[in-house]
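Taking it in order: structure first as structure tokens, then the write-up.
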Amino acid sequence: MELTREEEALLKGEKGPRVQECMRILVTLGEMSGARRLLPIYSVQLSGISYKTMGVAGTEFLEEMAEEVRFHVPTTINPAGYDVGGPGLVHTNTDFRAKQDRIVKALMSMGAIPTFTCTPYTTDFAPPSGAHLAWAESSAVIYANSVLGAYSNREGAPSALASAVIGKTPDHGLHRPEGRKAQVLVDVDVSKGPMRYTVLGAYLGKILGQRIPYFRGIRPDLDGLKELGSSLSAWGAVPMMHVEGVTPEASAQDVRGLERISVDAPALGEFQRCLGCDEDPQLVAIGCPHCTKGELIQIAQSVKRKGRKLKPGTELWVCSNRKVIEETAAAVEVLRQAGAKVIQDTCMVVAPLSEQFPVAAVNSAKASFYMNKKAFSGQKIVFDTTDNLIDRYL
Ligand code: F3S
């Protein structure tokens, strides 16, 4: 890789061993992927900051880093393991809280912005079109590339942290025009029934792996794109998608000769059955990825229409971020009056909930993927639409 004099100096350790370690991570990654230089970035999004994900080794590593380094670009962070800045609606044990607090303290001392959300693009730190990023939250990466016209690879925890410290990322993959081209043409036939984007993304994610799809036949709005992208990137590792007539780079794609996949509602209906079971949940959790303003208002309207309080023995969580919650005060009040918990700073996946709620109902295929995983949450999952969940459990 061609490094500037300043980058060479950092690599030699002139700013200390921790900064040197960060440079080594970026240079190794760049050399492995054929990058020729490091690119300055607009921002970093760190994921995996819940103690549930990070564990003891990760926490200690972060604390050691915090003794020596500071972030050099705006660095937003994913949800934590409990509602760290909220009114204490998420019940975790004191040991877990203490460990989570150590992670948050280390991040804050390095200069992290306390967004605690997987939807940084709905906060004051949304990147402009054309910005280069080093984001690690997969649902935010696919949204940034596909919808915002920004450029980010799917970073891992070490590379995102290194980028936050150095303020740069290797110039490869989704940062290059050739890395953003459609690779598979997906024809979606909506004539045989309604299409749920979260299910469509899960179904295709398994088939596509890391390949970039070009969709024809659907017209998702911004919330639909968020849903579709989050499932594609959880069930597969899809970093970007193009949707004909919808996403900004779709019209520049040449789809001639691409492998073709056709999907329709009956195929998805069959697949959807494997996303959940038929037991009674103790928790109904909505907001994976975190709810946008529009989604939160819509949920409140459905709850208001229903006109009932939550059934005893069931909790209803609506997860979102601080800014969205602040800006939808009336809707939030409707939800609270109905007995729902509007949760900030964490989510149903990264909070340790399996003992308290062994069966949970969700509307998101991404949440279903992780909560059902034995090694992660090991919960039984009921999967349905938001409206059906409200109808059944409110
Ligand atoms: Fe966000 Fe948690 Fe889902 S971090 S994308 S709500 S798993």
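The residues in region 242-296 that are surrounded by 13 or more Cβ atoms within 10 Å (Cβ to Cβ) and small (Gly, Ala, Ser) can be counted, and the count is 8.
Among the residues of region 337-349, those that are hydrophobic (A, V, I, L, M, F, W, C) and within 15 Å of the ligand (Cβ to nearest atom) comprise 342, 343, 347, 348, 349. Checked against (1) more than 14 Å from the chain's Cα centre (by Cα); (2) open to solvent by 10 Å² or more (accessible area, probe 1.4 Å); (3) within 16 Å of the ligand (Cβ to nearest atom), residue 235 passes all but condition (1). Does any residue of region 35-53 turn out to be open to solvent by 40 Å² or more (accessible area, probe 1.4 Å), part of a helix (DSSP H, G or I) and more than 16 Å from the ligand (Cβ to nearest atom)? Checked region 35-53: no residue is open to solvent by 40 Å² or more (accessible area, probe 1.4 Å), part of a helix (DSSP H, G or I) and more than 16 Å from the ligand (Cβ to nearest atom). Going by the structure shown, is residue 308 open to solvent by 10 Å² or more (accessible area, probe 1.4 Å), within 25 Å of residue 282 (Cβ to Cβ) and modelled with pLDDT of 95 or more? No; evaluated as a whole, the condition is false for this residue.
When you look at residue 149, is it on the phi > 0 side of the Ramachandran plot and outside the structural domain of residue 33 (by TED's automatic domain parsing), yes or no? Spelling it out, it is not the case that residue 149 is on the phi > 0 side of the Ramachandran plot and outside the structural domain of residue 33 (by TED's automatic domain parsing). The one condition from (1) farther than 20 Å from residue 232 by Cβ; (2) within 15 Å of the chain's Cα centre (by Cα); (3) away from the ligand (no atom under 15 Å from the Cβ) that residue 110 does not meet is (2). How many residues are touching a Pro at 6+ places or on another chain (Cβ under 6 Å) and either more than 15 Å from the ligand (Cβ to nearest atom) or part of a strand (DSSP E or B) (or both) if we restrict to region 350-387? Selection size over region 350-387: 4. State whether the residues of region 292-304 include one that is touching a strand residue (DSSP E or B) at 6+ places or on another chain (Cβ under 6 Å) and part of a strand (DSSP E or B). Scanning region 292-304 turns up no residue that is touching a strand residue (DSSP E or B) at 6+ places or on another chain (Cβ under 6 Å) and part of a strand (DSSP E or B). For residues that are within 16 Å of the ligand (Cβ to nearest atom) and touching a Gly at 6+ places or on another chain (Cβ under 9 Å), tally how many sit in region 251-288. So the answer is 0. Per this entry, residue 30 is counted among residues that are more than 30 Å from residue 353 (Cβ to Cβ), out of contact with any helix residue (DSSP H, G or I) (no Cβ under 9 Å at 6 or more places or on another chain) and modelled with pLDDT of 95 or more.
The values are calculated or read from the model by the stated rules, or taken from the named source; none is laboratory data. Everything quoted here is computed from the prediction, not taken from an experiment. For neighbour counting, all protein chains shown are included, and Cβ atoms are generated from backbone atoms with ideal geometry for every residue, glycine included. Side chains included, ligands, DNA and RNA excluded: accessible areas come from the protein's heavy atoms. Shrake-Rupley method; radii C 1.70, N 1.55, O 1.52, S 1.80 Å.
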